[in-house]
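Okay, so here's the structure we're looking at.
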């Protein structure tokens with residue numbers, strides 16, 4: 001897979017186990033969003049999580065399925081434009097946190113779709 005802005009090792013589990021079961025197609029979509037719609041850095045803060053690490057960090061999401069990431073977006077980002085870019089590329093769900101510096105993006109089909117502010 002040819003990626004422009006991301007490297008697959010950015011999505012390795014943060015516990016140190018070395019596992020990386022992130023969906024390569026999902027990463028390709030993120031790379032396309034960065035390339036086509038969003039000309040600013042996106043920093044992966046949490047990609048794949050092994051089930052043990054997900055439990056330890058209080059995760060309840062889909063990082064262990066390889067279909068979710070948390071990312072930092074650049075300051076001054078128009079979140080409406082960013083989320084519209086995600087939707088245009090087939091990302092069904094974006095979560096913006098009021099008290100955290102990152103956003104959550106996933107491709108899980110059986111979860112509610114849209115933008116959620118928590």
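From the list 19, 34, pick out the single residue that is out of contact with any strand residue (DSSP E or B) (no Cβ under 6 Å at 6 or more places or on another chain), surrounded by fewer than 20 Cβ atoms within 10 Å (Cβ to Cβ) and either part of a helix (DSSP H, G or I) or modelled with pLDDT of 95 or more (or both).
Numbers: 34 fails: out of contact with any strand residue (DSSP E or B) (no Cβ under 6 Å at 6 or more places or on another chain).
Being out of contact with any strand residue (DSSP E or B) (no Cβ under 6 Å at 6 or more places or on another chain), surrounded by fewer than 20 Cβ atoms within 10 Å (Cβ to Cβ) and either part of a helix (DSSP H, G or I) or modelled with pLDDT of 95 or more (or both) holds for just one of 19, 34, which is 19.
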Query - Hits in the range 1-58 - residues which are under 19 Å from residue 101 (Cβ atoms) and in contact (Cβ under 8 Å) with a residue 60 or more places away in the chain - result: 30
Query - Among (1) over 22 Å from residue 116 (Cα atoms); (2) touching a strand residue (DSSP E or B) at 6+ places or on another chain (Cβ under 8 Å); (3) surrounded by 20 or more Cβ atoms within 10 Å (Cβ to Cβ) - the single one residue 13 does not satisfy - result: (2)
Report task. Answer with yes or no whether residue 77 is part of a helix (DSSP H, G or I) and either touching a residue at least 40 places away in the same chain (Cβ under 8 Å) or surrounded by 12 or more Cβ atoms within 10 Å (Cβ to Cβ) (or both). Result -> no
Requested in this report: Output the residue which, of all residues in the range 1-13 that are in a loop (DSSP other than H, G, I, E, B) and out of contact with any helix residue (DSSP H, G or I) (no Cβ under 6 Å at 6 or more places or on another chain), is modelled with the lowest pLDDT.
Outcome: 2
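Does residue 68 count as under 23 Å from residue 118 (Cβ atoms), surrounded by 15 or more Cβ atoms within 10 Å (Cβ to Cβ), modelled with pLDDT of 90 or more and out of contact with any helix residue (DSSP H, G or I) (no Cβ under 6 Å at 6 or more places or on another chain)?
Considered against the rule, which asks whether it is under 23 Å from residue 118 (Cβ atoms), surrounded by 15 or more Cβ atoms within 10 Å (Cβ to Cβ), modelled with pLDDT of 90 or more and out of contact with any helix residue (DSSP H, G or I) (no Cβ under 6 Å at 6 or more places or on another chain), residue 68 comes out as yes.
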Report summary line: Of the conditions (1) farther than 21 Å from residue 118 by Cα; (2) touching a strand residue (DSSP E or B) at 6+ places or on another chain (Cβ under 9 Å); (3) surrounded by 19 or more Cβ atoms within 10 Å (Cβ to Cβ), the single one that residue 62 does not satisfy is (1)
Query raised in the report: Of everything in the range 83-118 that's part of a loop (DSSP other than H, G, I, E, B) and touching a residue at least 24 places away in the same chain (Cβ under 8 Å), which residue is surrounded by the most Cβ atoms within 10 Å (Cβ to Cβ)?
Result: 107
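The values are calculated or read from the model by the stated rules, or taken from the named source; none is laboratory data. No experiment lies behind these values; they were computed from the predicted model shown. Methodologically, a virtual Cβ is constructed for each residue, glycine included, from the backbone with ideal geometry; neighbour enumeration extends over all protein chains shown.
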